[in-house]
Amino acid sequence: MNWCRADILPLTALDVPGSGDRGSGFAVRPNLESHIPNPEPRTPNLMLAPRLGVRVIQERGLAETSVLVEAYDLEKEYRSGPESLRVLKGVTIGIREREMVSLVGASGVGKSTLLHLLGALERPTSGEIRYGETALSSLSDSALAEFRNRQVGFVFQFHHLLPEFTALENVMLPLLIRRCPAVQARERARTLLGQVGLGERLRHRPGELSGGEQQRVAMVRALVGEPAVLLADEPTGNLDSKTGEETFELLRQLNRERRLTSVIVTHNEALASRADRVLRMLDGRMME
Ligand SMILES: Nc1ncnc2c1ncn2[C@@H]1O[C@H](COP(=O)(O)OP(=O)(O)OP(=O)(O)O)[C@@H](O)[C@H]1O
Ligand SMILES: [Mg+2]
């Protein structure tokens, strides 16, 4: 999916270059560009992959429904010297399109590990993850990085925003990485930040934002490229209960309005129960 297509970012919605918040013409700070990797050749694998979408699976015992993300028998083992630690011990899940799933379980059961595998941040030791017809194991490291940039939005417990850049620049970055023209990236980032009530905070750096505001910027950054899936690892874990509740509600709203498939890890049972489905983990496995 090309995120700079005119139908997605209509030119009529763009400011005249030079009238933006930076005054005279768009200028990405030189060191912002240093965060953008060199363009890599597009992999035939990814380009030929059918559009992500509906895949009816029956053979795995899942209902006849649209499944966007499938994980089969995932195992993850960490090795350090002679020691090895089996963290995931055969996890099989299917997540439907537009579904909001919460993932709960005691500390150390493997929730973050599973999320990292689903988000293509790490590879499983064995097992397979499919997004539609795309098997992640078939992608080279560079194709996996591109897949991540285009299909997955990640929100972490601690926002992981780049401290030296403004809210606007942090949100623009995923689009710049995919070679979106800067003027379009800026406009889209500005629009989305406005939609989450941060229109007056565009030029604030993360250190000049409250915890809830930082997390909203992180959410917008995760969503700016319209990923297929939003993965959030304890996005409310670092916030007071009211701000955490508001943040979770925003996720719920985004899931409904943007029909965004979402997986949210949380320790908060009350929030977890607001999702469409609660997945529970116990010692590296899913509880049925
Ligand atoms: N890179 C790693 N190398 C070795 N062990 C790891 C690594 N990452 C995680 N682990 C171990 O894997 C286990 C599961 O970790 P994980 O972060 O997935 O747990 P979690 O369910 O997210 O816990 P929490 O709720 O505390 O965030 C832990 O025992 C952890 O120490
Ligand atoms: Mg965790």
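The values are calculated or read from the model by the stated rules, or taken from the named source; none is laboratory data. Just so it is clear, the structure is predicted and the values come from calculations on it, not from any experiment. Heads up, the Cβs are rebuilt from the backbone with ideal geometry, glycines too, and the neighbour counts pull from every protein chain shown.
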With respect to Val109, determine if the residue is modelled with pLDDT of 95 or more, on the phi < 0 side of the Ramachandran plot and under 22 Å from the mean Cα position of the chain (by Cα). yes
Hey, Leu230 within 19 Å of the chain's Cα centre (by Cα) and more than 16 Å from ligand 1 (Cβ to nearest atom) or not: yes
Inside region 96-124, can you point out the residues that are within 16 Å of ligand 2 (Cβ to nearest atom) and among the basic types (Lys, Arg)? Lys111
Scanning region 260-278 residue by residue, those within 14 Å of ligand 1 (Cβ to nearest atom) and in a strand (DSSP E or B) turn out to be Val263, Ile264, Val265
Would you be able to tell me the number of residues in region 110-123 that are within 11 Å of ligand 1 (Cβ to nearest atom) and outside any loop (DSSP other than H, G, I, E, B)? 7
Select, from Ser80, Ser107, Ser84, the only residue that is within 15 Å of ligand 1 (Cβ to nearest atom) and within 23 Å of Gly237 (Cα to Cα). Ser107
Would you please name the residue that is modelled with the highest pLDDT, looking only at residues in region 166-186 that are among the charged types (D, E, K, R) and surrounded by fewer than 21 Cβ atoms within 10 Å (Cβ to Cβ)? Arg179
Exactly one of these conditions fails for Arg150: (1) at pLDDT 95 or above; (2) surrounded by fewer than 21 Cβ atoms within 10 Å (Cβ to Cβ). Give me its number. (1)
Of the residues in region 160-191, those that are of a type in the set (A, V, I, L, M) and either in contact with a Phe, Trp or Tyr (Cβ under 9 Å, 6 or more places away or on another chain) or over 27 Å from Glu234 (Cβ atoms) (or both) come to Met172, Leu173, Leu175, Leu176, Ala182, Val183, Ala185
In region 233-259, how many residues are buried (at least 19 other Cβ atoms within 10 Å of the Cβ), more than 16 Å from ligand 1 (Cβ to nearest atom) and of a type in the set (S, T, N, Q)? 2
Output the residue which, of all residues in region 216-265 that are over 23 Å from Glu169 (Cβ atoms) and polar (S, T, N, Q), is farthest from ligand 2 (Cβ to nearest atom). Gln253
Can you pull out the residues in region 124-144 that are part of a loop (DSSP other than H, G, I, E, B) and at positive phi? Gly132
Kindly indicate whether Arg148 is among the basic types (Lys, Arg), part of a helix (DSSP H, G or I) and within 26 Å of Arg252 (Cα to Cα). yes
Filter region 193-211 down to the residues that are part of a helix (DSSP H, G or I) and surrounded by 19 or more Cβ atoms within 10 Å (Cβ to Cβ), then identify the one that is farthest from ligand 1 (Cβ to nearest atom). Leu193
Of the residues Leu117, Leu161, only one is buried (at least 20 other Cβ atoms within 10 Å of the Cβ), touching a Lys or Arg at 6+ places or on another chain (Cβ under 9 Å) and at pLDDT 95 or above; which? Leu117
For region 68-90, which positions are in contact with a Gly (Cβ under 8 Å, 6 or more places away or on another chain), acidic (Asp, Glu) and without any contact (Cβ under 8 Å) to a residue 60 or more places away in the chain? Asp73, Glu75
